[in-house]
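Working notes, structure below.
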Amino acid sequence: MSLLKETIEKIIKDSIIKCGIELPDNIQIIKDSDRPDLSDFQSNIAMIFSKQLHKNPKQIAQDIVSNIDSKDIQISIDGPGFINIKVNNDFLSEILTTEDFNKRHLDTPKKIIIDYGGPNVAKSLHVGHLRSSIIGESLKNLARFKGYDVVGDIHIGDWGLPMGMIIATIKEEKLQLPLSVSDLNKIYPFASKRSKEDEKFMSVVQEETKKLQNKDKENIAIWSSFKNTSVADIKKTLDILNVDFDLFYGESDANDDVNYLVSEFRQKGISTQSEGAEIIDLKDYPMDNSPVPPFIMVKSNGAVMYGMTDVATLYDRIERQHADIVWYVVDSRQALHFHQVFSVAEITKIKKNTQLEHLGFGSVLGVDGKPLKTRSGDNVALMDLINDTLKIAEQKVSENVKTKDLSEAEKKDIATSVGISAIKFADLINPRTTDYIFNLEKFISFEGKTGPYILYTAVRIKSLLRENNTDFKDSKIILSNSYDKALAIKLCNFNEIIDRAFDARAIHILTQYIYELATIFNDFYHNCRILSEENNDIKNSWLKLSSMTLKVFEIFANIIKINIPERM
Ligand code: ARG
């Protein structure tokens, strides 16, 4: 809870206790006001106690109010017993002055490994990877801001059947190595289609995959070559999105642990034979009260499955990297997969005390409300989507921005910042698990709940501070009207929002707050003529509030990794 709310809660709590009312633990007494014109905070505590005490809520509210002993707040009773709270200006500025927006320090920070991005070698990135990257990157930086020791791992898909498909095609067609990215992007869909239709080809693919997994020299050499090409391409795309990883591990890195664990689970009798495959039974691990199919450890043809690579990767994360918490930012449609992996980790005891969380997300939809596809029904390539966005962003920037004195390079940078902020903000304003419609025109608008609107507001503050020449750093915050007061109250809430967003692994809580902060700031900016204000104390206080607002925008920009330009 924010310091401001905590302080007010304490005042009201003391009064409730004086009234002789017994307070249950963890009860929330005040909340943000639904009617900021009438109050800053409100409490319906009297209504809650009324049932319990068989007493008129208005009477209870009056008792509470008359026992309040504080000059920091003003209280009134509304309707049948709602308590309205207004904060006095001096008290508010005192609290805001003690607020610290900086990064937290935890005495013994827990280690979080966050698995996100999850692109696949040879298949180009699509919008699903976009969401994982954007959300994962933000959660990683939020956890770091909270003071956790956080490691991001991309967990590239580089070891399954698709690898065999590429190798088989390269061998059959005697293709020259290294392949170009565009060749690679053509081979996979072709080979994937062919292996579904052509049984013979499929068995070659399986053979090549197995040889690769057994570290056959030739296959490893071919695989390394196209993996390098693919990874370089993936990095280029992620770079534009400002998404970066501490570890660039892939499924292939789990291979030795897969072999070790398979024989361990076999020896300990944890796995059993079933129709040629080796499975781990999950009868005792239902999901949402529904039975769960067995975990397939090794398929009947000896191939290692996706689930087992995840179990082995988790083993490394716990055993050697000493993770306390592992987050998987992966499509919600993989919920069953993670339920199985986590259950196996428990059964086999590799989990130890680690906290495992699948942080799923919803789909990106087209304007028709169906999953976003190209006209021919394919997944939309992420790079195409980014390029389209940047093109529109360039147009918008030349229309909206006073760009006369900017160089072409500067304009391009601004357009990139605008475009990327548009995509990221539009994603992160939604609760993680909901689907959303990809509507570029709407996302990239300078007005409304958009990334560009936030950038525009932050840039406005930057230029305000540039134009000003007084030193306000050590000035007192003096609140003089409803606009600066609303801004101060919003700023006081920042630390609470950070905690709530982290606890719920929900960046949208922060994103929504940032949008509200921008709106409140712009209201304040339009109604308080800062630079022409004659009272220097008030002017400096307004400048200080503005720079605190900018600080919050900068923290946000650093968490979701967008760039606030100097001018736009
Ligand atoms: N490569 C997978 C895909 O594209 C996602 C990987 C997610 N992470 C994991 N540890 N399974 O579907």
Quiz item: Are there any pairs with C-beta distances below 6 angstrom linking a residue in region 275-293 that is in contact (Cβ under 8 Å) with a residue 60 or more places away in the chain to a residue that is hydroxyl-bearing (Ser, Thr, Tyr) and assigned to a loop (DSSP other than H, G, I, E, B), with the two at least 6 apart or on different chains, and if so which?
Solution: Ile280/Ser271
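Please verify whether Gly81 is in contact (Cβ under 8 Å) with a residue 24 or more places away in the chain, in contact with a Leu (Cβ under 8 Å, 6 or more places away or on another chain) and on the phi > 0 side of the Ramachandran plot, treating the condition exactly as stated.
Numbers: in contact (Cβ under 8 Å) with a residue 24 or more places away in the chain: yes; in contact with a Leu (Cβ under 8 Å, 6 or more places away or on another chain): no; on the phi > 0 side of the Ramachandran plot: yes.
In short, no.
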Exercise. Output the number of the condition that Ile113 fails; it satisfies all remaining conditions of (1) in a helix (DSSP H, G or I); (2) within 11 Å of the ligand (Cβ to nearest atom); (3) modelled with pLDDT of 95 or more.
Key: (1)
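Out of Lys236, Lys171, I need the residue that is in contact (Cβ under 8 Å) with a residue 40 or more places away in the chain and of a type in the set (Lys, Arg). Which one? If you could, list the steps in order and put the result at the bottom.
Details: Lys236 fails: in contact (Cβ under 8 Å) with a residue 40 or more places away in the chain.
None of the other options fit; the residue is Lys171.
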Practice problem: Considering each of Ser124, Ser93, Ser138, Ser133 in turn, give the residue that is in contact (Cβ under 8 Å) with a residue 12 or more places away in the chain, over 30 Å from Val204 (Cβ atoms), buried (at least 18 other Cβ atoms within 10 Å of the Cβ) and within 12 Å of the ligand (Cβ to nearest atom). | Solution: Ser133
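Can you confirm whether region 191-200 contains a residue that is within 16 Å of the ligand (Cβ to nearest atom) and more than 22 Å from Asn242 (Cβ to Cβ)? Steps first, please.
So the first thing to find is which residues in region 191-200 are within 16 Å of the ligand (Cβ to nearest atom), and the list is 192.
In the following step, the residues that additionally are more than 22 Å from Asn242 (Cβ to Cβ) were identified as 192.
Checked against the condition, which is being within 16 Å of the ligand (Cβ to nearest atom) and more than 22 Å from Asn242 (Cβ to Cβ), region 191-200 yields at least one hit.
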Quiz item: Considering region 506-517 alone, what residues qualify as being surrounded by fewer than 22 Cβ atoms within 10 Å (Cβ to Cβ) and either of a type in the set (S, T, N, Q) or closer than 16 Å to Lys462 by Cα (or both)?
Solution: Gln512
Practice problem: Report those strands (runs of 3 or more DSSP E) wholly inside region 230-347 carrying at least 3 residues which are of a type in the set (A, V, I, L, M) and closer than 26 Å to Glu208 by Cα. | Solution: 295-298
Quiz item: Any idea which of Ile64, Ile60, Ile85 is among the aliphatic types (A, V, I, L, M) and modelled with pLDDT of 95 or more?
Solution: Ile85
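Give the residues of region 305-328 that are in contact with a Lys or Arg (Cβ under 9 Å, 6 or more places away or on another chain) and not polar (S, T, N, Q), sorted by residue number.
Quick first cut of region 305-328, residues in contact with a Lys or Arg (Cβ under 9 Å, 6 or more places away or on another chain) only: 305, 314, 318-319, 321-327.
Result: Met305, Leu314, Ile318, Glu319, His322, Ala323, Asp324, Ile325, Val326, Trp327.
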Quiz item: Taking region 66-75 on its own, how many of its residues are surrounded by fewer than 17 Cβ atoms within 10 Å (Cβ to Cβ) and either without any contact (Cβ under 8 Å) to a residue 12 or more places away in the chain or hydrophobic (A, V, I, L, M, F, W, C) (or both)?
Solution: 1
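Let's see how each residue does on (1) in a helix (DSSP H, G or I); (2) within 22 Å of the chain's Cα centre (by Cα):
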| site | (1), (2) |
| --- | --- |
| Val418 | yes, yes |
| Lys424 | yes, yes |
| Thr433 | no, yes |
| Lys449 | no, yes |
| Ile454 | yes, yes |
| Arg460 | yes, no |
| Phe472 | no, no |
| Ile478 | no, no |
| Ala488 | yes, no |
Quiz item: Residues of region 329-378 being more than 23 Å from the chain's Cα centre (by Cα), within 16 Å of the ligand (Cβ to nearest atom), surrounded by 15 or more Cβ atoms within 10 Å (Cβ to Cβ) and not basic (Lys, Arg), which ones?
Solution: Gln340, Ser343, Val344, Ala345, Ile350
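Yes or no: Asp107 surrounded by fewer than 16 Cβ atoms within 10 Å (Cβ to Cβ), under 30 Å from Ala488 (Cβ atoms) and either in contact (Cβ under 8 Å) with a residue 60 or more places away in the chain or more than 15 Å from the chain's Cα centre (by Cα) (or both)?
Values: surrounded by fewer than 16 Cβ atoms within 10 Å (Cβ to Cβ): yes; under 30 Å from Ala488 (Cβ atoms): no; either in contact (Cβ under 8 Å) with a residue 60 or more places away in the chain or more than 15 Å from the chain's Cα centre (by Cα) (or both): yes.
Against the criterion (surrounded by fewer than 16 Cβ atoms within 10 Å (Cβ to Cβ), under 30 Å from Ala488 (Cβ atoms) and either in contact (Cβ under 8 Å) with a residue 60 or more places away in the chain or more than 15 Å from the chain's Cα centre (by Cα) (or both)), Asp107 does not qualify.
The values are calculated or read from the model by the stated rules, or taken from the named source; none is laboratory data. For clarity, every value in this text was computed on a predicted model and none was experimentally measured. No Cβ is skipped: glycine too gets one built from the backbone with ideal geometry, and neighbour counts run over all protein chains shown.
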